[in-house]
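Let me begin by presenting the structure, written as structure tokens, before commenting on it.
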Amino acid sequence: MKLFKEKLAWAAPIAVILIIALFSVNLFVQGDPKATNLPVALIVNDEGAHVDAVRAAVEQMSQGINGEDPVVAFSTEKEENIEDLFKDKQYYAALVVPEGYNDAVQNAVTNNAAATLKIYVNQGFNMTGANYAKSALNALIGQISKQYSAGFLNQMNDQKIDASQASVIVNPIVPEEKVFNAVTSATANGSAPILMAMPAWVGALIGGFILFLATSKMAKKERLTPRQSVRVMGSQILFGVIIALFSGFTVATLGSIAGVNMPSYFLVGSFVSFAAFCFFLLVSAVTAWIGKPAITLFMVVMLLGMGVIMMPKEMIPDFFVTFVRPWIPIRFAGDGLREIFYFGSGFYTGESFNIILGIGAVGLVVYLLSFFKPVRNKTVSIK
């Protein structure tokens, strides 16, 4: 029974509770996700009473139901700008009132042709968010169509309706969908960029910590001169390059074997290697200053980020959007790979590339500054 008197033994159940709690944090993110205020563009290329009816329906939808936030938040845009706005990830979708829509609705029964409202879907932004936005817009169009259908039936009174007219009267307004930045097949339904970015972080974490242990062991055996310390630091950075290249091209190779539809094997492998090296510099910098507790810190960051980076921010609780999501380095690697997979980007992916490069640059500077970190001298007691 002596074990029950050991303080370390009682740390075991506490550690288990903490670890399970960290893993379970993602339940708050993905347990019951609700989309609110998904940004959607409204493009109006026509005018008239029936166009005003669409505007009124959009306004009503924007007010939400029972005081809750609406699923989508509309902003008026011009059609010639929508492709660039989609590439900049400003909107998940767009509702387009095409030219001639007003006349098409006015003469739908006479011409036996349903009017069309267009839905543009920005799949590459985030497939989950884009699908939620598309579903909301389809529901809106269905509601408008139902209202017109009831009006047309009242106008017909006891008139005979042939088969061609019946289909138009039942569905006088139909949606027409167009996909931008399409999520290609065999990319895990749009999750491939995140799934391939995760190993970059894990490889940097494990590699950086093992090298920290190796250099710490060297320092314990003998006190290093300043010149030797510089050589060790240089060697550690060189090892980081090797680890990053192994990480990046291992991911690309396994992705190719698994049948992932990569735009370019070399491009994906190079970008993951770049991200892994920058993450390695970050890990090396933190471990150089605070030591072994750094591994716990980075593991917590990874566990907290697993659910956050997969979901659109409009579907994540405010706490995670404000205090967790901005501090997840893996997110930027995933965003960069998303640019490569779905937006036709090259090695330079814009903002995500700049942020990853900034992480690496700051990590390198902080790591090099650890050269001036005071070294504790070992005290020897003489009896």
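The values are calculated or read from the model by the stated rules, or taken from the named source; none is laboratory data. These numbers were taken from a predicted model, which means no experiment stands behind them. Positions of Cβ are backbone-derived with ideal geometry, glycine not excepted, and every protein chain shown enters the neighbour counts. Only protein heavy atoms, including side chains, enter the accessible area calculation; ligands, DNA and RNA are left aside. Shrake-Rupley method; radii C 1.70, N 1.55, O 1.52, S 1.80 Å.
Descriptive notes on the structure:
- Evaluating 6.51 cos²θ - 1.76 cosθ + 1.60 at θ = phi - 60° for every residue in the stretch 280-292, the Karplus couplings come out as 4, 5, 5, 4, 5, 5, 5, 5, 5, 9, 10, x, 4 Hz, glycine and proline recorded as x.
- Crossing angle, helix 7-30 versus the chain [Cα axis fit, 0-90 degrees, rounded to tens]: 20 degrees
- Under the simplified labelling scheme, the Ile257-Glu177 pair shows an inter-label distance of 3.5 nm, with each label point 7 Å from Cα along Cα→Cβ.
- Residues whose placed amide H lies under 5 Å from that of Thr187, excluding near-sequence neighbours: Asn261
- Taking the average, over residues, of other Cβ atoms within 10 Å as the packing measure, peptides 132-138, 55-61, 352-358 rank 132-138, 352-358, 55-61 from highest down.
- Dipole magnitude of the chain about its Cα centre (Cβ charges: Lys, Arg +1; Asp, Glu -1), debye to nearest 20: 3680 debye
- At most 15 other Cβ within 10 Å, DSSP loop - GluC sites (Glu not before Pro), the stretch 151-243: Glu222
- FRET efficiency, 1/(1 + (r/R0)^6) with R0 35 Å, evaluated for Asp69 and Ile161 via beta carbons: 0.25
- Counting heavy atoms of the protein chains alone, Asp69 has an accessible area of about 100 Å² for a 1.4 Å probe.
- Theoretical gain in end-to-end length, Val230 to Thr76 [0.36 nm per residue, Cα-Cα removed]: 49.7 nm
- Taking every DSSP bridge with both residues inside the chain, close to 20 percent are antiparallel.
- Remark: the chain carries 56 Å² of accessible area per residue (probe radius 1.4 Å; ligands, DNA and RNA excluded).
- Carbon and sulfur %, accessible surface of the chain computed with the full protein complex present, 1.4 Å: 61 percent
- The amide H of Val72, built 1.01 Å from its N in the peptide plane, has Asn37, Leu38 as neighbours under 5 Å, considering only residues 5 or more places off or on other chains.
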